[in-house]
Structure formats: C-alpha cells, structure tokens
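Data block below; observations after.
The values are calculated or read from the model by the stated rules, or taken from the named source; none is laboratory data. What you see is a predicted model; the values in this text were computed from it and never measured. Backbone-built Cβ (ideal geometry, glycine too); neighbour counts: all protein chains shown. To get the accessible areas, we keep the full protein, side chains included, count just its heavy atoms, and leave off ligands, DNA and RNA. Shrake-Rupley method; radii C 1.70, N 1.55, O 1.52, S 1.80 Å.
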Amino acid sequence: MSHKKAQYMQTNKTFKNERLTYRLNIVAQQAISANDEIFLKETGCRIRDLRVLRLIDDTPGTTFAEIAKITGFDRSLTSRIIQNLIGSALIERENSSEDARVFLLSTTEKGKQIRQVARRLSDRLEVILTDPLSAQELRALNDILTRLGSWVTSEDYWQALSKETESNFE
C-alpha cells in the first residue's frame, strides 16, 4: 500500500461521522485524554479539576452551585472535585454571611501556584496539538471557534432551535 493511500485511509478512520459536533467532540476528547495524565503528573490534578480551580481563582467567592452551572458537571462530580481541591489545599471555603448553607470558594496561594504551572504546561501542550496547522490556519480556527461559541450561547441560536423544533412538530 502506498504511503498516500495509507495516509488517506487513516484520515478517513479518524471520524466515523461527518457531523461537525461529533468531530469537535472527538478532537476535544482525544486531546484531553492524551493530556490528562501529563497534567496529573505535573500538577497533581486532572484537567477537569484544573478547570474548576481556574474558575474559582477567576471569581473568588464563587459558590458550588455557580461552579456546577458553569462547568455543566453534575452535582456529584462537582462536589467530588471541590472536596479534592480542598483536601489538596488548593482552595478553601468559608460560610456565606448571608446564608449559612452556602460556602464561598477561593483559591489558596498553593492553588494559585498550581494554576500557573498548569497554564505554562497547557501552553506547551497546545503548541504540540496545533503543530499541523500553519499560523494562518490557527488564527482562522480560533476566529471560527470564537464565532461559533458566541453563536451557540446567544439567544438567537436558542430561538432558531426553538423554531426548528416547533416546525417539525406541526
């Protein structure tokens, strides 16, 4: 088998479905899976834990409910991640003065340091991930992802989906 044909067959095996959302999901899953052990070794945290750490560091005083909503993680997973981060002394919690049932989360100095280590590692791994792309292609990809991200979080997108589902049930 020629090298070109083998390369073509490998390309075709990458995605078993042509849908954009499927392909984006596969790329993300593969990259996260490949990098997760590296992050664990270098920082002591998995990627999803570091995402929660970053969110808490960016918004000191945030709550469990806010973290669960932003990440989309179920409550049980969110709780486990927060407990692990507290147990590792990366974040701390204090009772809200307004509602004793609510805990306000903030990053410890150790958590801030781990976040910086993770950021530098993420930057290095992203260079490897995007190695096949030219600088122009990378800029275009970032622009497209920014536009798609804005679109899928917009009210217009949700209205378009609503209209689509209404017209299919009439």
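Using the crude model of +1 on Lys and Arg Cβ and -1 on Asp and Glu Cβ, and no other charge, please compute the dipole size for the chain relative to its Cα centre, in debye to 20.
It works out to roughly 820 debye.
What is the extension gain from GLN83 to ARG48, computed as 0.36 nm multiplied by their sequence separation minus the C-alpha to C-alpha distance, in nm to one decimal?
Values: separation 35, 0.36 × 35 = 12.60 nm, distance 1.33 nm.
Gain on extension, GLN83 to ARG48, equals 11.3 nm.
Give me the angle, in degrees from 0 to 90, between the Cα long axis of helix 47-58 and the longest principal axis of the Cα atoms of the chain, rounded to the nearest 10.
50
Once phi is turned into θ = phi - 60°, what whole-Hz ³J(HN,Hα) does the Karplus curve with 6.51, -1.76 and 1.60 give for every residue of region 26-36, x standing for Gly and Pro?
5, 4, 5, 4, 5, 5, 5, 4, 5, 8, 4
For the chain, build the charge dipole from Cβ charges (+1 Lys, Arg; -1 Asp, Glu) around the Cα centre, then report which of PHE39, ALA160, ILE86 sits farthest towards its positive end.
With unit charges placed on the Cβ atoms, the residue in question is PHE39.
Using the Cα gyration tensor of region 99-148, with a ≥ b ≥ c the square roots of its eigenvalues, what is the shape: rounded (a/c below 1.5), prolate (a/b larger than b/c) or oblate (neither)?
Cα axes put region 99-148 in the oblate bin.
Mind telling me which of GLU18, GLU137, GLU37 comes out most flexible in a GNM of the chain, alpha-carbon contacts under 10 Å?
GLU18
Using the Karplus curve 6.51 cos²θ - 1.76 cosθ + 1.60 with θ = phi - 60°, what ³J(HN,Hα) values do you get for each residue of region 84-93, in whole Hz, with x for Gly and Pro?
Running phi through 6.51 cos²θ - 1.76 cosθ + 1.60 with θ = phi - 60° gives 5, 5, 5, x, 8, 6, 8, 9, 9, 10 Hz.
Given the rule -39500 (n - 2.57) for each run of at least 4 DSSP H residues, summed and divided by the residues of the chain, what is its mean residue ellipticity at 222 nm, to the nearest 500 deg cm²/dmol?
Values: 8 runs with 122 residues, N = 170.
It lands at -23500 deg cm²/dmol.
Leaving out ligands, DNA and RNA, and with a 1.4 Å probe, what % of the accessible surface on the chain is carbon or sulfur?
Roughly 52 percent of what the probe reaches on the chain is carbon or sulfur.
Past 27 Å, Cα to Cα: identify those pairs from LYS69/LYS163; LYS69/LYS112; LYS16/LYS163, in the order given.
The pairs that break the limit, which is 27 Å between Cα atoms, are LYS16/LYS163.
What nm distance separates the two modelled labels at LEU40 and GLN159, each placed 7 Å from Cα along Cα→Cβ?
4.6
Taking square-rooted eigenvalues a ≥ b ≥ c of the alpha carbon gyration tensor, is region 50-103 rounded, prolate or oblate, where a/c under 1.5 means rounded and, failing that, a/b exceeding b/c means prolate?
Rounded.
With label points built 7 Å along Cα→Cβ from the Cα atoms of TYR22 and VAL152, find their separation and express it in nm.
1.6
When the chain is treated as a GNM, springs tying every alpha-carbon pair under 10 Å, which of ILE38, ILE67, ILE128 comes out with the largest mean-square fluctuation?
Looking only at ILE38, ILE67, ILE128, the biggest GNM fluctuation is shown by ILE128.
Can you give the accessible area per residue of the chain, in Å², using a 1.4 Å probe?
Normalised by residue count, the accessible surface of the chain is 76 Å².
Determine the gain in length on full extension of the stretch ALA100-ARG119; use 0.36 nm per residue of separation and subtract their C-alpha separation, reporting nm with one decimal. Let's see the in-between values first.
On the way: separation 19, 0.36 × 19 = 6.84 nm, distance 3.39 nm.
So the chain would gain 3.4 nm between ALA100 and ARG119.
Let me make sure I get this right: for region 9-143, a, b and c are the square roots of the gyration tensor eigenvalues over alpha carbons, sorted descending. Under 1.5 in a/c it's rounded, otherwise prolate if a/b > b/c, else oblate. Which is it? Don't skip to the answer; put the middle values down first.
Numbers: a/c = 2.43, a/b = 1.90, b/c = 1.28.
The shape class here is prolate.
Under a 5 Å amide H to amide H cut-off, with H placed in plane at 1.01 Å, what residues pair with ILE91 once short-range neighbours are removed?
Amide H to amide H, under 5 Å and 5 or more residues apart or across chains, ILE91 pairs with ILE86, THR108.
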